[in-house]
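The values are calculated or read from the model by the stated rules, or taken from the named source; none is laboratory data. Because the structure is predicted, anything quoted here is derived from the model rather than measured. For neighbour counting, all protein chains shown are included, and Cβ atoms are generated from backbone atoms with ideal geometry for every residue, glycine included. Note: accessible area is taken over every heavy atom of the protein model, side chains too, but ligands, DNA and RNA are not part of it. Shrake-Rupley method; radii C 1.70, N 1.55, O 1.52, S 1.80 Å.
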Amino acid sequence: MSALSQIKAKLDKEPENLNMMNLTDVKIGAITPEIKQYLERFKKVKVLILNTCNLESLENLPNWKLSAIDLSNNKYDFHYLDSKTTSLVNWQR
């Protein structure tokens, strides 16, 4: 099953005004333009959980105004969320 199919299976019954998105264990790897396009329909996401998703980068992550993000156990070690800008400011391998 593709990453997009797994994401849709988790989120298709969720309302578009979803505040917390939990995609733990969905083996995304890379956020493709197709995944980004699908995720962008959820406009009010404030908390994003992407644990154990095999993420290699955050390229194509939708531009949400997040208050919290959990990126534990991915291919890269993601550091912290800047509380003033609510954007991810540092990640490294």
Residues of the range 18-28 satisfying the condition of being open to solvent by 10 Å² or more (accessible area, probe 1.4 Å) and in a loop (DSSP other than H, G, I, E, B): 18, 19, 24, 25, 27, 28
Residue selected from the range 31-70 under the condition of a type in the set (Gly, Ala, Ser) and surrounded by 13 or more Cβ atoms within 10 Å (Cβ to Cβ), by the criterion nearest to residue 1 (Cα to Cα): 57
